[in-house]
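Visitor: Structure in structure tokens, see below.
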Amino acid sequence: MRNFRLELCYDGSRYRGWQKQGNTGATIQGKLEDTLSRLLDQPVEVHGAGRTDAGVHARQQTASFRADTALSCAELLALLRAHLPEDIGALSLTQAAPRFHARLNCVGKTYVYRIWNSEQPSVFERKYVWRLPGALDEAAMRRAAAYLIGEHDFAAFHTGRSKKSTVRRIDAIDISRRGEELRISLRGNGFLYNMARIITGTLVDVGQGKRAPEDLQAILESRERACAGPTAPAQGLCLWETQY
């Protein structure tokens, strides 16, 4: 039995997120497991570094799986590329150390949220950006983001109930403009369900003058989801990188 490390990218537009679900086959994990199980003629369980939400994309997601096969990594990679749907791309496949686990060994993730901040349409990027016309105070957004750097209880920036700790560490939030596009890059040791999108929605509230940058401290301390801003649309978010 060999342990494999798979790097992949995907367009999440037509999927219900990463995690497989019993009521649908339209998940990234489900597609990978079905494809690998057919190719290798054995049940294969795939673990991902992060569980991206429905409609969220990935530029570089890391997965691991075990399989009993004599195929080389190059041969199996070629088969994956030939049989996966065109919106899931296998970037690389290597044999990993026996104890490697994509989720448990991941020490950090970077997410990038793209905002099309223009009155003009963005026809060819519409599935990958949040179209948001109107002026945004980027300096105020950066001041607000500074309150989130470090280790905090991010319960207010989390949807649903969590049986585990809601404490996470954010190492950096970078807000940059590329013409009409505003990008928010978030790097940290882990993210709760909807956390990156709620942070984005809250920072946009600040940019629109609906909140003051200083409000972020009170939102953190409240630990109440209702105190934070809206959840930004899924299509603007991309899992940019996983760190090990």
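The values are calculated or read from the model by the stated rules, or taken from the named source; none is laboratory data. All values reported here derive from a predicted model rather than from experimental measurement. Backbone-built Cβ (ideal geometry, glycine too); neighbour counts: all protein chains shown.
Visitor: For Asp174, state whether it is farther than 15 Å from Phe154 by Cβ, more than 13 Å from the chain's Cα centre (by Cα), assigned to a helix (DSSP H, G or I) and not aliphatic (A, V, I, L, M). Lay out the reasoning, then the answer.
Guide: Working: farther than 15 Å from Phe154 by Cβ: yes; more than 13 Å from the chain's Cα centre (by Cα): yes; assigned to a helix (DSSP H, G or I): no; not aliphatic (A, V, I, L, M): yes.
No, not satisfied.
Visitor: Just to verify a result, which residue in the stretch 33-60, among those that are of a type in the set (Lys, Arg) and modelled with pLDDT of 95 or more, is surrounded by the fewest Cβ atoms within 10 Å (Cβ to Cβ)? Let's see the steps before the verdict.
Guide: We begin by selecting, within the stretch 33-60, every residue of a type in the set (Lys, Arg); these are 38, 51, 59.
Now restrict to residues that are modelled with pLDDT of 95 or more: 38, 59.
Values: Arg38: 12, Arg59: 16.
Filtering first and then ranking leaves Arg38.
Visitor: Next up: Find the residue count for the stretch 215-226, including only residues that are in a helix (DSSP H, G or I) and surrounded by fewer than 16 Cβ atoms within 10 Å (Cβ to Cβ). Talk me through it step by step, then tell me what you get.
Guide: Keep residues of the stretch 215-226 that are in a helix (DSSP H, G or I), which gives 215-222, 225-226.
Filter again for surrounded by fewer than 16 Cβ atoms within 10 Å (Cβ to Cβ), leaving 217-218, 221-222, 226.
Number satisfying all stated conditions: 5.
Visitor: Here's a check for you: in the stretch 113-160, which residue that is crowded, with 20+ Cβ neighbours inside 10 Å and among the β-branched types (Val, Ile, Thr) is farthest from Tyr15 (Cα to Cα)?
Guide: Ile115
Visitor: Something else now. Evaluate the following for Ala172: is it without any contact (Cβ under 8 Å) to a residue 60 or more places away in the chain, within 18 Å of Tyr113 (Cβ to Cβ), surrounded by fewer than 20 Cβ atoms within 10 Å (Cβ to Cβ) and of a type in the set (Gly, Ala, Ser)? Before the answer, list the steps.
Guide: Numbers: without any contact (Cβ under 8 Å) to a residue 60 or more places away in the chain: yes; within 18 Å of Tyr113 (Cβ to Cβ): yes; surrounded by fewer than 20 Cβ atoms within 10 Å (Cβ to Cβ): yes; of a type in the set (Gly, Ala, Ser): yes.
Against the criterion (without any contact (Cβ under 8 Å) to a residue 60 or more places away in the chain, within 18 Å of Tyr113 (Cβ to Cβ), surrounded by fewer than 20 Cβ atoms within 10 Å (Cβ to Cβ) and of a type in the set (Gly, Ala, Ser)), Ala172 qualifies.
Visitor: Only one of these is of a type in the set (Gly, Ala, Ser), more than 22 Å from Trp130 (Cα to Cα) and modelled with pLDDT of 95 or more: Ala228, Ala218. Name it.
Guide: Values: Ala228 fails: more than 22 Å from Trp130 (Cα to Cα).
So the residue among Ala228, Ala218 that is of a type in the set (Gly, Ala, Ser), more than 22 Å from Trp130 (Cα to Cα) and modelled with pLDDT of 95 or more is Ala218.
Visitor: Can you name every residue in the stretch 1-19 that is of a type outside the set (Phe, Trp, Tyr), closer than 23 Å to Pro43 by Cβ and touching a residue at least 40 places away in the same chain (Cβ under 8 Å)?
Guide: Passing the criteria: Met1, Arg2, Asn3, Arg5, Leu6, Glu7, Leu8.
Visitor: Looking only at residues that are charged (D, E, K, R) and in contact (Cβ under 8 Å) with a residue 24 or more places away in the chain in the stretch 137-169, which one is nearest to Lys109 (Cα to Cα)?
Guide: So, considering only residues that are charged (D, E, K, R) and in contact (Cβ under 8 Å) with a residue 24 or more places away in the chain, the one nearest to Lys109 (Cα to Cα) is Arg168.
Visitor: Between residues in the stretch 197-214 that are touching a residue at least 24 places away in the same chain (Cβ under 8 Å) and assigned to a loop (DSSP other than H, G, I, E, B) and residues that are buried (at least 16 other Cβ atoms within 10 Å of the Cβ) and of a type in the set (Asp, Glu), which pairs lie under 8 Å by C-beta distance while being six or more apart or on different chains?
Guide: Short answer, once both residue conditions are applied: Arg211/Asp205.
Visitor: Whether any residue in the stretch 4-23 is of a type outside the set (Ser, Thr, Tyr), surrounded by 19 or more Cβ atoms within 10 Å (Cβ to Cβ) and in a helix (DSSP H, G or I) is what I want to check.
Guide: Checked against the condition, which is being of a type outside the set (Ser, Thr, Tyr), surrounded by 19 or more Cβ atoms within 10 Å (Cβ to Cβ) and in a helix (DSSP H, G or I), the stretch 4-23 yields at least one hit.
Visitor: Give the stretch 227-244 a look and list any residue that's crowded, with 22+ Cβ neighbours inside 10 Å and either assigned to a strand (DSSP E or B) or not assigned by TED's automatic domain parsing to the domain that holds Thr166 (or both), or say none.
Guide: Hits for the stretch 227-244 are Leu237, Cys238, Leu239, Thr242.
Visitor: Could you tell me whether Arg66 is of a type in the set (Lys, Arg) and part of a helix (DSSP H, G or I)?
Guide: Details: of a type in the set (Lys, Arg): yes; part of a helix (DSSP H, G or I): no.
Here the answer is no, as Arg66 does not meet what is asked.
Visitor: Ok, one more. Testing Ile28 on (1) touching a residue at least 24 places away in the same chain (Cβ under 8 Å); (2) surrounded by fewer than 20 Cβ atoms within 10 Å (Cβ to Cβ); (3) of a type in the set (A, V, I, L, M), one condition comes back false. Which one is that?
Guide: (2)
Visitor: Given Ala63, Ala102, Ala70, which one is loosely packed, with under 14 Cβ neighbours inside 10 Å and of a type in the set (A, V, I, L, M)? Give the derivation first.
Guide: On the way: Ala63 fails: loosely packed, with under 14 Cβ neighbours inside 10 Å; Ala102 fails: loosely packed, with under 14 Cβ neighbours inside 10 Å.
Just one listed residue meets the conditions, Ala70.
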